[in-house]
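Report on the following structure.
The values are calculated or read from the model by the stated rules, or taken from the named source; none is laboratory data. Here the structure is a predicted model, which is why all the values come from computation and not from measurement. FYI the Cβ positions are ideal-geometry reconstructions off the backbone, even for glycines, and counts take in every protein chain you see.
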Amino acid sequence: MSFFRVVKAELHKYYVQQFVSYRTAFWFLVLPFGNGLLYYSMYLPFTSTVVQFSWLGHNALVDIVGFTLLGQLLYTFFVGVTLAGSAFDTERVQGTFEAMLLTPASRVAILLGGLVVATAQYLWLIVGIIPVFLFYFHLGIAVADPLALLLSLFLTYTALTALGLCLEAFFIQTRKGILLGTTLQEPVALASGVIVPPSAYPTQIALLTYLIPLTLGLISVRLTLLAGGMLSEVLVPLATLAETIAKANGSLALF
């Protein structure tokens, strides 16, 4: 069975089941927008314009709107790819899971199809939240090195996608995919710097947060988009993200 035909079939299945549903519109449009406003409001009693941000001795003051917006954008993508594997729980309930595995279809293609849908659902957020923040809150953008920004965006989303594939491969082995995927959300949001920068934590805890790909992605994108960061300032997080992608692909090959 053709690899891409399997991906297309999985994409169509999940599109019909999820992409045009009210649940998808809520989780990827209404809820992230509300969370973004919540995080923005949390900072207002302390500062109305900037958030102090630092990485390996590089200190910067970034726009509060941009800080909260980027945090919510990347975190929502992380949630989407994390929960992609939980769809296998639904397959089990419907009684189609075992039949799917008995077919000659490539398992990697099955995983990729579900992940493509999770990525496509992210478009709800892009279309809905960015124009509002850009035009209403006047997002402050300071790009000094476009290449650094492009590499930051590419490696961040690629690393999170690779992580999503690995989690799918793990969730396919368990009946607790939804539970595990949901359990990961809030700890990662707190530790990765979605709400507050990791530099606000004690040094020992901050170092542990750098093990999370989302943390490194947020650091590199925020610095290059909001603080005029150069490539030399984000080489360490970018190199670590690239290493994460390579390791994830190696783990997926074993699957």
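Results for (1) under 22 Å from A60 (Cα atoms); (2) modelled with pLDDT of 90 or more; (3) not polar (S, T, N, Q), shown as yes or no for each residue.
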position: L163; (1), (2), (3): no, no, yes
position: I178; (1), (2), (3): no, no, yes
position: A191; (1), (2), (3): yes, no, yes
position: S199; (1), (2), (3): yes, no, no
position: L214; (1), (2), (3): yes, yes, yes
position: G229; (1), (2), (3): yes, no, yes
position: T244; (1), (2), (3): no, no, no
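Scanning region 211-253 for residues that are within 15 Å of the chain's Cα centre (by Cα) and hydroxyl-bearing (S, T, Y), we see that the one that is farthest from W55 (Cα to Cα) is T244.
Residue pairs whose Cβ atoms lie under 6 Å apart, sitting 6 or more positions apart in sequence or on different chains, and linking a residue in region 172-187 that is of a type in the set (G, A, S) to a partner that is modelled with pLDDT of 75 or more and in a helix (DSSP H, G or I), are G181/T82. Total residues in region 188-222 satisfying the condition of being surrounded by fewer than 18 Cβ atoms within 10 Å (Cβ to Cβ) and in contact (Cβ under 8 Å) with a residue 60 or more places away in the chain: the figure is 1. Considering each residue of region 237-251 in turn, at least one proves to be surrounded by 20 or more Cβ atoms within 10 Å (Cβ to Cβ), among the small types (G, A, S), in a helix (DSSP H, G or I) and out of contact with any Phe, Trp or Tyr (no Cβ under 9 Å at 6 or more places or on another chain).
Considering only residues in region 55-98 that are under 19 Å from F170 (Cα atoms) and of a type in the set (G, A, S), the one that is modelled with the highest pLDDT turns out to be G80.
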